[in-house]
1. Just give me the residues in the stretch 261-319 being in contact (Cβ under 8 Å) with a residue 60 or more places away in the chain and open to solvent by 50 Å² or more (accessible area, probe 1.4 Å), in sequence order.
2. What single numbered condition from (1) part of a loop (DSSP other than H, G, I, E, B); (2) at pLDDT 95 or above; (3) within 17 Å of the chain's Cα centre (by Cα) fails to hold for His264?
3. Scan the stretch 113-160 for residues that are of a type in the set (Gly, Ala, Ser), within 21 Å of Ile186 (Cα to Cα) and either part of a strand (DSSP E or B) or over 26 Å from the mean Cα position of the chain (by Cα) (or both) and report the count.
4. Modelled with pLDDT of 85 or more, open to solvent by 100 Å² or more (accessible area, probe 1.4 Å) and assigned to a loop (DSSP other than H, G, I, E, B) - does that describe any residue in the stretch 31-43?
5. Give the residues of the stretch 223-240 that are at pLDDT below 95, not polar (S, T, N, Q) and not in a loop (DSSP other than H, G, I, E, B), sorted by residue number.
6. Given the criteria in contact with a helix residue (DSSP H, G or I) (Cβ under 7 Å, 6 or more places away or on another chain) and open to solvent by 50 Å² or more (accessible area, probe 1.4 Å), does Leu230 qualify?
7. Against the definition (open to solvent by less than 40 Å² (accessible area, probe 1.4 Å), among the β-branched types (Val, Ile, Thr), more than 21 Å from Ile316 (Cα to Cα) and touching a residue at least 40 places away in the same chain (Cβ under 8 Å)), how does Val208 come out, yes or no?
8. Can you tell me which residue among Asp94, Asp132, Asp76 is open to solvent by less than 90 Å² (accessible area, probe 1.4 Å) and either touching a Lys or Arg at 6+ places or on another chain (Cβ under 7 Å) or without any contact (Cβ under 8 Å) to a residue 12 or more places away in the chain (or both)?
Amino acid sequence: MSGPGSMASGAAGSAEGPGDATRAPEQALFPPAFSVSEIKNKQRRHFMFLRWKQQQRKEKLANKKKRRKEREALGDEAPPKPVPKTIENQRVYDETTVDPNDEEVAFDESTDEFAPYFNRQTVPKILITTSDRPRGRTVRFCEQLSSIIPNSHVYYRRGLALKRIIPQCISRDFTDLIVINEDRKIPNGLVLSHLPDGPTAHFRMSSVRLRKEIKRKGKEPTKHQPEVILNNFTTRLGHSIGRMFACLFPHDPQFIGRQVATFHNQRDYIFFRFHRYIFRSEKKVGIQELGPRFTLKLRSLQKGTFDSKFGEYEWIHKVCLSVIISG
């Protein structure tokens, strides 16, 4: 026996037209004050977050198609495209940015510690070493780094202090010393010292990828001398760091090898990549990463060779203590 509730529902169902029966269900929309973080169940919260991200992508794509159609309809009368806001173009102008053609900068570069290299008075000879008792990943990284820096040699410290290694390097005509530090079996630091008079730079290293960890990598690099690209080293400090990296490679690259080492400075992070390029046509060029890759962050720049006790520092990265305390 059916009750009044079922009769009412039946009457309402009979009142619906044939078009209403085939109507597609409306898309579930999030309420205006909805917050995914309010969901207690972790799996449900993750599912709803992915669903919300998918909805955001659809709306963004729809707006992009709408703007494209409007621009095609307007033709030449379409307004210019707005410049997107990025971290790079929103940065405050750095007052230490210098003009490479400035006379004062040219004089400083002609008398600094790197002048003998740029005057072709010295040939780069690099010593690559590690912290004491390196692990397998650090050893492989040093070997791959040696394969892309010509005339570089890998030696292990065996407990020797850097103050004892540096005089031996100078006596054997090494021009630069690279020390790879590690923590928990992962390379996390790089010390670069220009010999014999310095300076010495200490970098924090991150995002290290060996060759076998890079997707779609090319074949092993050849022994040709690579080209070097130093991008965006425009400040006083950047000039010194860029010249220090340039001193690691010979003057005359062998273009037949089609290999290029890139140091790209962006937001005070230095990204290193090693590629091989090929000219597919007069206008198209293909590149293939060979590896390894890593990212550097300058921690300090010290005058002279490495001296942890009495060294004089030109620049030290300072962390804002107020941010740490408030955070």
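The values are calculated or read from the model by the stated rules, or taken from the named source; none is laboratory data. Just so you know, these numbers come straight off a predicted model, no measurement behind them. Every residue, glycine as well, gets a Cβ built from its backbone with ideal geometry; the counts of neighbours run over all protein chains shown. These accessible areas exclude ligands, DNA and RNA; they are computed on the full protein's heavy atoms, side chains included. Shrake-Rupley method; radii C 1.70, N 1.55, O 1.52, S 1.80 Å.
1. Of all residues in the stretch 261-319, those in contact (Cβ under 8 Å) with a residue 60 or more places away in the chain come to 261, 266-267, 270, 274, 288-307, 311, 314-315.
Within the stretch 261-319, Gln266, Arg267, Gln288, Arg293, Arg299, Lys303, Phe306, Glu314, Trp315 qualify.
2. (1)
3. Just the residues of the stretch 113-160 that are of a type in the set (Gly, Ala, Ser), to begin with: 115, 131, 136, 146-147, 152, 159.
Now restrict to residues that are within 21 Å of Ile186 (Cα to Cα): 131, 136, 146-147, 159.
From what's left, either part of a strand (DSSP E or B) or over 26 Å from the mean Cα position of the chain (by Cα) (or both): 159.
Of the residues in the stretch 113-160, 1 are of a type in the set (Gly, Ala, Ser), within 21 Å of Ile186 (Cα to Cα) and either part of a strand (DSSP E or B) or over 26 Å from the mean Cα position of the chain (by Cα) (or both).
4. So far as the stretch 31-43 goes, yes, one or more of its residues are modelled with pLDDT of 85 or more, open to solvent by 100 Å² or more (accessible area, probe 1.4 Å) and assigned to a loop (DSSP other than H, G, I, E, B).
5. Arg236, Leu237, Gly238, His239, listed by residue number.
6. Numbers: in contact with a helix residue (DSSP H, G or I) (Cβ under 7 Å, 6 or more places away or on another chain): yes; open to solvent by 50 Å² or more (accessible area, probe 1.4 Å): yes.
Yes: the conditions hold for Leu230.
7. Details: open to solvent by less than 40 Å² (accessible area, probe 1.4 Å): yes; among the β-branched types (Val, Ile, Thr): yes; more than 21 Å from Ile316 (Cα to Cα): yes; touching a residue at least 40 places away in the same chain (Cβ under 8 Å): yes.
So Val208 fits the description; yes.
8. Details: Asp94 fails: either touching a Lys or Arg at 6+ places or on another chain (Cβ under 7 Å) or without any contact (Cβ under 8 Å) to a residue 12 or more places away in the chain (or both); Asp76 fails: open to solvent by less than 90 Å² (accessible area, probe 1.4 Å).
Checking each option against the conditions leaves just Asp132.
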